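Undergrad: Here it is, the structure in full.
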Amino acid sequence: MTKVAISLQDSVMVLGAATSSADAQTLELLGLTPQTLPWQGKQLATAFVAPPAGGQPLAERLVWLLEQLLQQSGAVEQQQVYLILPEQAGADDSSLNAFLQLLMQRLPTLLMSPGCRVFPYGSAGALMALNAAAQHFEQCQQHSAQTQVPSAAGGKVSAQVWLVAVDSLAHDSVLDRYAALDSSAVVLSEGAIALCIAADSNGNSMLFHAADASPGAMPEQDHAIGNLFLQLATQVTQPLSQLYLPDCGDEQQSSRWLLQYASLHGGVDVDSELVFPAYACGELGSCGGLYRLWHLLSRLQRNDITGLTAQLEISARQYRALTLFSPSKTGSDYLVNKDV
């Protein structure tokens, strides 16, 4: 694992439940008030930026959300960008190409930014992109290629990367699926989020990262999650203080990590806090992983949480990712294997 410490430098958000970054900061205090959407004879709980447009291609909706995001801050377009996108349904899925073509037409500077990379792995892509950014920072430090400037914390900040995620559940296929499930517990949402991440000598340590895939696995057979939990439990010398989980009322999603939770034996105890930020914003799909990462890093930098904190992400289909954080570079003291 990279030895680079990171910090959150900036954030920009457009969410169905909060159309500005300032509003997003207060979501947990104000609570989520969903709107009712009649669909296929059912009443769905939603929090969309705008009402669904029947038959609208997903690519159109995603680019529109990114346009709303960039209206808040054009700085994103001038930096290195890692795009976190919905995963493809299969080898013959052309949705990614359709989106990238439309993005090149309407917002070409995003794809043409230096070192732009695309992570079409659903919510798990947030942690994969963060790990790639950390590796990029380490390479920059090794080659002394970036001019260092003082950070607000008094440390040294060098390279920066914008992690940008976008997704929407306001399209027909997703609405049809949730109507068929007859699930009123999940608030369907959408959003675009951009986080500026930097290498920072006073930042937070990424102690462990792993990703895996489990194509077509049933919840009780999702061994990719079990393997990630087992790897984490064997790395730490003390239980987690917090575990961030991708859950906002979807029982199918909950069962995936619950049925593998025993593999974390030794890595959690009765004092470990399970954290579910999505209950405050609704289900954001691929955008949810970056929202949880923002929530986690913000709390670490405010010193609201201490000890070890892990984040698990589960994409809609096959990708899983897990990252372990500590509030400072001394966090490696918590590891059994300090070379990871």
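The values are calculated or read from the model by the stated rules, or taken from the named source; none is laboratory data. Treat the numbers as computed from the prediction; the structure is a model and nothing was measured. Every residue, glycine among them, receives a Cβ derived from its backbone with ideal geometry; neighbour counts consider all protein chains shown. Accessible surface areas use protein heavy atoms only, side chains included; no ligands, DNA or RNA. Shrake-Rupley method; radii C 1.70, N 1.55, O 1.52, S 1.80 Å.
Undergrad: Name the residue, out of 27, 62, 83, whose mean-square fluctuation peaks in a Gaussian network model built on the chain with Cα pairs under 10 Å.
TA: Largest GNM mean-square fluctuation: 27.
Undergrad: Wrap a convex hull around the Cα atoms of the chain, take a quarter of its surface area, and give that in square nanometres. Walk me through the intermediate numbers first.
TA: Numbers: hull surface 65.8 nm².
Here the figure is 16.4 nm², rounded to one decimal.
Undergrad: Right, something else. So what's the stretch 34-103 giving for Rg/Rh, alpha carbon basis, Kirkwood Rh from the mean inverse pair distance?
TA: Values: Rg = 15.1 Å, Rh = 14.6 Å.
Over the Cα atoms of the stretch 34-103, Rg/Rh equals 1.03.
Undergrad: Taking the Cα centre of the chain as origin, sum charge times position over the Cβ atoms of Lys and Arg (+1) and Asp and Glu (-1), and report the length of that vector in debye to the nearest 20. Each step should come with its number before you reach the end.
TA: Numbers: 15 positive and 30 negative charges, 147 e Å.
Value, rounded to 20: 700 debye.
Undergrad: Does the stretch 188-340 come out rounded, prolate or oblate by the C-alpha gyration tensor, with a ≥ b ≥ c the root eigenvalues, rounded set by a/c under 1.5 and, if not, prolate when a/b is larger than b/c and oblate if not?
TA: oblate
Undergrad: Then there's this: Just want the answer: with Cβ charges of +1 for Lys and Arg and -1 for Asp and Glu, which residue in 224, 86, 137 is farthest toward the dipole's positive end in the chain?
TA: So the residue furthest toward the plus end is 137.
Undergrad: Per residue, how large is the accessible surface of the chain? Use a 1.4 angstrom probe and give square angstrom.
TA: Details: 14150 Å² over 340 residues.
On a per-residue basis, the chain sits at 42 Å².
Undergrad: Between 231, 105, 43, which gets the highest mean-square fluctuation from a Gaussian network model of the chain, Cα cutoff 10 Å?
TA: Evaluated over the chain, the most mobile residue of the options is 105.
Undergrad: In addition: Place +1 on the Cβ of every Lys and Arg and -1 on the Cβ of every Asp and Glu in the chain, take the dipole about the Cα centre, and give the residue among 161, 12, 123 whose Cα lies farthest towards its positive end.
TA: Result: 161, furthest along the dipole toward the positive end.
Undergrad: Mind putting together the pair-distance distribution for the stretch 67-117? All Cα pairs, 10 Å bins, whole percent per bin, short to long.
TA: In order of increasing distance, the bins hold 23, 50, 23, 4 percent.
Undergrad: Moving on. Where the centroid of each part is defined by its Cα atoms, how far is the stretch 195-219 from the stretch 260-288 in Å?
TA: 14 Å
Undergrad: Can you work out ³J(HN,Hα) from phi for every residue in the stretch 209-219, in order, using Karplus 6.51 cos²θ - 1.76 cosθ + 1.60 and θ = phi - 60°, giving whole Hz and x for Gly and Pro?
TA: 3J(HN,Hα) across the stretch 209-219, in whole Hz: 8, 8, 9, 8, 10, 9, x, x, 6, 6, x.
Undergrad: Among 223, 136, 265, whose mean-square fluctuation peaks in a Gaussian network model of the chain (Cα, cutoff 10 Å)?
TA: 265
Undergrad: Follow-up question, since we're still on this one. What percentage of the solvent-accessible surface of the chain, computed with a 1.4 Å probe over protein heavy atoms, is contributed by carbon and sulfur atoms?
TA: Numbers: 6870 of 14150 Å².
It is 49 percent, rounded to a whole number.
Undergrad: Another question, then. If contacts are Cα pairs under 8 angstrom and at least 6 residues apart, what is the relative contact order of the stretch 1-53 in percent?
TA: Worked out over the stretch 1-53, it gives 29 percent.
Undergrad: Before rounding to the nearest 500, sum -39500 (n - 2.57) across all DSSP H runs of length at least 4 in the chain and divide by the residue total; then give [θ] at 222 nm in deg cm²/dmol. Each step should come with its number before you reach the end.
TA: Numbers: 11 runs with 108 residues, N = 340.
It lands at -9500 deg cm²/dmol.
Undergrad: Counting only DSSP beta bridges with both residues in the chain, tell me the antiparallel percent, nearest 5.
TA: Details: 43 of 61 bridges.
Given both bridge residues lie in the chain, the antiparallel proportion sits at roughly 70 percent.
Undergrad: If you split all Cα-Cα distances of the stretch 89-129 into 10 Å bins from zero, what percentages do you get per bin, shortest first?
TA: Computed distribution, short to long bins: 25, 48, 26.
Undergrad: For the stretch 211-292, state the semi-axes of the equivalent ellipsoid (square roots of 5 times the eigenvalues of the alpha-carbon gyration tensor), sorted largest first and rounded to whole angstrom.
TA: Three semi-axes, in Å: 21, 17, 11.
Undergrad: When Lys and Arg each count +1 and Asp and Glu each count -1, what net charge do the other residues less than 11 Å away from residue 323, Cβ to Cβ, add up to?
TA: With Lys, Arg at +1 and Asp, Glu at -1, the net is 0.
Undergrad: Sequence-distant or interchain residues sharing an amide H contact under 5 Å with residue 275, placed H: which?
TA: Amide H neighbours of residue 275, under 5 Å, 5+ apart: 243, 244, 245.
Undergrad: Averaging sequence separations of C-alpha pairs under 8 Å and six or more residues apart, then dividing by the length of the stretch 50-133, give the relative contact order as a whole percent. Walk me through the intermediate numbers first.
TA: Values: 82 pairs, mean separation 31.9, N = 84.
Worked out over the stretch 50-133, it gives 38 percent.
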